[in-house]
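Below: one structure, written as structure tokens.
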Amino acid sequence: MKKLGFGCMRFPLTNPEDNTSIDFPQVCQMVDLFLERGFTYFDTAYFYHGGTSEETVKRALVQRHPRASFTLATKLPLAKLKEATPQEQAEMFQLQMQRCGVEFFDYYLLHCIDDENYEIAQRLDSFAFVQQKKAEGYIRQAGFSFHGTPELLDEVLTQHPEVDFVQLQINYLDWENPKVQSRRCYEVAVAHHKPVVVMEPVKGGKLANPSPAVREMFATLDTNASPSSFAIRFAASLEHVFMVLSGMSSLEQVKDNTGYMAQFRPVSPQEVAVLEQAAQQIKADGTIPCTACSYCTDGCPQRIPIPSLFALYNRTLGQPGLQHKKEYQELCTQGAPASSCIACHQCEGACPQHLEVVEQLQRVANVFEP
Ligand code: SF4
Ligand code: SF4
């Protein structure tokens, strides 16, 4: 199996402000090209695209291609099952089969294990539930995606040696990040002999559009290679990684990714050295390392469009022109400005990147709301 997977959380949109407005004809073209070029792995989840990704996968992939031509992964939305009963957990699984239009999942994960979601999984006995579904033939491989500390990962894998694989956030920027701890989590998975699926290899697109200084560094290696190619190849070069997911948003991205991953070439020591320098440069540039996953927005009592405000801040690097200030005001009309944050910290508990959202919003407010 080729090491590139199609992440179904960043499909192209017809309205950039509406995460459910998926550009379906373009998604079909992307899916077709991905399969045509010999790639097979698709990764969706209940939550993606405001709950519409699984249905889109059914329509663009499952109903248009033979079942044997692809493998499909989705995830049990633990965060939605906080108050649920075991019966409701079983109903959720049935609903996901229906939404995806399949009779079995090739890969099924418990979504986003961290301290809080692990408690939910334990209360609902979700690991045993998934094993039961596997024994009944509805799941081929069972795993979980993870956003906690290496210590928690070690605890989960010690308590649940039955899982087949783990999904970790790994990219060259977070490899030594003291909050994400990609390297240490990877090492824990390897110590437990678990194969790894990589998520966020391009950090929500952040590594696809680096600053001119970083682009110049990459140009010393290869003037034709995209910044994403270095990021994805970095993750795919790790020995125990069997799949790297890329949330592709255009046909161009599918063309690019499948181009260099068709004949995968691991990163060389020289490339690793440049990626380490690039990471240093990116850390120094002052941007907010948000991946635009939107996990923080649902529970915000002020309805602040957090990822959109962070994206605008990053794009202007804290020095917006008049046009950007207007854009900020427009964004705020869909919710509320950064300064309306009441510091309840709900968003920080939900953020898989462990960002200090309150502090970062203050930076945004200082720049856009003088
Ligand atoms: S801390 Fe601020 S941004 Fe975060 S959820 Fe509360 S009000 Fe919203
Ligand atoms: S602040 Fe965190 S939770 Fe919110 S969109 Fe960014 S990365 Fe996701």
Handout entry: Every pair of residues 6+ apart whose Cβ atoms lie under 8 Å, when the first sits in region 274-289 and is in contact (Cβ under 8 Å) with a residue 40 or more places away in the chain and more than 11 Å from residue 210 (Cα to Cα) while the second is in a loop (DSSP other than H, G, I, E, B) and of a type in the set (Phe, Trp, Tyr)
Key = 275/172; 276/172
Exercise for the section: Go through the residues of region 51-61 one by one and say whether even a single one is part of a loop (DSSP other than H, G, I, E, B), in contact with a strand residue (DSSP E or B) (Cβ under 7 Å, 6 or more places away or on another chain) and crowded, with 23+ Cβ neighbours inside 10 Å. Expected result: no
Exercise for the section: Could you check region 288-370 for helices (runs of 4 or more DSSP H) lying wholly inside it with 3 or more residues that are more than 10 Å from ligand 1 (Cβ to nearest atom)? Expected result: 306-316, 322-333, 357-368
Handout entry: Test: residue in region 27-43 that is surrounded by 15 or more Cβ atoms within 10 Å (Cβ to Cβ), touching a strand residue (DSSP E or B) at 6+ places or on another chain (Cβ under 8 Å) and of a type in the set (Lys, Arg)
Key = no
Practice task
For region 56-67, indicate whether the set of residues that are among the hydroxyl-bearing types (Ser, Thr, Tyr) and within 26 Å of residue 205 (Cα to Cα) is non-empty.
Solution key: yes
Completion exercise
So, first residue within 23 Å of residue 67 (Cβ to Cβ) and modelled with pLDDT of 95 or more in region 106-117, second residue charged (D, E, K, R) and assigned to a helix (DSSP H, G or I), Cβ within less than 9 Å, six or more apart or across chains; the pairs are 108/133; 108/134
Fill in the blank from the handout: Within region 256-273, residues being without any contact (Cβ under 8 Å) to a residue 12 or more places away in the chain and over 23 Å from the mean Cα position of the chain (by Cα) number 4
Practice task
From the list 58, 75, 80, pick out the single residue that is without any contact (Cβ under 8 Å) to a residue 40 or more places away in the chain and assigned by TED's automatic domain parsing to the domain that holds residue 160.
Solution key: 80
Handout entry: Of the criteria (1) within 23 Å of residue 227 (Cβ to Cβ); (2) surrounded by fewer than 22 Cβ atoms within 10 Å (Cβ to Cβ), which one residue 159 fails
Key = (1)
Handout entry: Members of region 162-182 found to be without any contact (Cβ under 8 Å) to a residue 24 or more places away in the chain and surrounded by fewer than 15 Cβ atoms within 10 Å (Cβ to Cβ), listed by number
Key = 178
Practice task
Identify the residue in region 83-105 that is free of Cβ contacts under 8 Å to residues at least 40 places away in the same chain and among the aliphatic types (A, V, I, L, M) and, among all such residues, is nearest to residue 57 (Cα to Cα).
Solution key: 95
Problem - Unmet requirement for residue 283, which otherwise passes all of (1) assigned to a helix (DSSP H, G or I); (2) modelled with pLDDT under 90; (3) within 15 Å of ligand 1 (Cβ to nearest atom) - result: (3)
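The values are calculated or read from the model by the stated rules, or taken from the named source; none is laboratory data. Because the structure is a prediction, the values reported are computed rather than measured. Cβ: placed from backbone, ideal geometry, glycine included. Neighbour counts: every protein chain shown.
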